[in-house]
Structure formats: structure tokens, C-alpha cells
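What follows draws every value from the coordinates through simple rules; no lab data is involved. Bear in mind the structure is a predicted one, so any value in this text is a computation, not a measurement. Heads up, the Cβs are rebuilt from the backbone with ideal geometry, glycines too, and the neighbour counts pull from every protein chain shown.
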Amino acid sequence: MFAALQLLLPYLQKAGLSVAPICIVQEGRVAIGDECGCLLKVKLVAVLIGERAGLSSPDSLGVYLTYRPAPGLSDESRNCISNIRPEGLRYPAAAEKLFFLIRESLRLQLSGIGLKDDAASQLNEI
């Protein structure tokens, strides 16, 4: 989990984005980011969650991104990057994908179903 975060931080710093205090919540669920983000008055929250024990990939990580987090939001307000692990979406690719979504979320002022991960198509336009 921390490997993905370590790879993301340089992107954020280079873009001039600040990071709020990191909240560690034992046995938290995705929506905990809404409460934490609202209390911290952040524009955007990224919740990193490890998979439950007993699944086929217990080392897998998921990241849930929400613009303007607030209690009561539904999953359609979030973007998810899943299967982050050495045998799935590797940490460097996950950090790049998350940074792309963060940048686009801030630019468009939204997240969830309105925010598409079209980084590959944008690279093809260059």
C-alpha cells in the first residue's frame, strides 16, 4: 500500500498539490473517505483499501477517488482503480493512473461516472 503512495507523492509535489493529513482507519470501508475528507475540508480524497483476507488476491489494493467528499455520497460519485499488486496493475502504472484521475478530477471538478480514464486516448492525440 505504501509503495503506491510513495510513487504518487512526487507527481503531486511536482504539480504543486498539497496532501492533507493521512488518516489510517482500521477495518474502514470506502465511504470513510467522505467523512474524513469533509472534516478536513479537502477538494479530493483518495481512499486506499487492501482486499479482505481469504480472497484470491489478498495482496491486492484498491483506490477510490472522490471529488468534494461529503457524508451520504454513493458509489457513482467515486472512481475506482483496482487490482493494484505485483501480478496485476503494478504500482508505477497505478500511481500514473491515479495522478491522471486526480488532475482531471480537479480540472473538471467532478469524480465518479462523469470522470473517465481516457489517459491512453489523450496520449494518442499528442
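Side notes on the structure shown:
- Residues whose amide H comes within less than 5 Å of that of Arg90, counting only those at least five positions distant or on another chain, are Arg85 (H built at 1.01 Å from N in the peptide plane).
- Within-14-Å neighbourhood charge of Gln109 [Cβ basis; K, R +1; D, E -1]: +3
- Net dipole in debye of the chain [+1 Lys, Arg Cβ; -1 Asp, Glu Cβ; about Cα centre; nearest 20]: 340 debye
- Listed candidates (1) 119; (2) 104; (3) 180 - label of the one calculated as volume of the Cα convex hull per residue in Å³: (1)
- Of the complete DSSP H runs in the chain, those spanning 24 angstrom or more by Cα along the long axis with a mean Kyte-Doolittle score not below -1.0 are 91-108.
- MRE, 222 nm, helices only [DSSP H, n ≥ 4, -39500 (n - 2.57), over the chain, to nearest 500]: -11500 deg cm²/dmol
- The spread of Cα positions in segment 1-70, taken along each principal axis and listed from longest to shortest, comes to 38, 26, 17 Å.
- Database remark: amide H of Ser60 closer than 5 angstrom to the amide H of Glu51 (H placed geometrically; neighbours at sequence offset of 5 or more, or on other chains; Pro and chain starts carry no H).
- Whether segment 28-102 is rounded, prolate or oblate, judged on the alpha carbon gyration tensor where a/c under 1.5 counts as rounded: oblate
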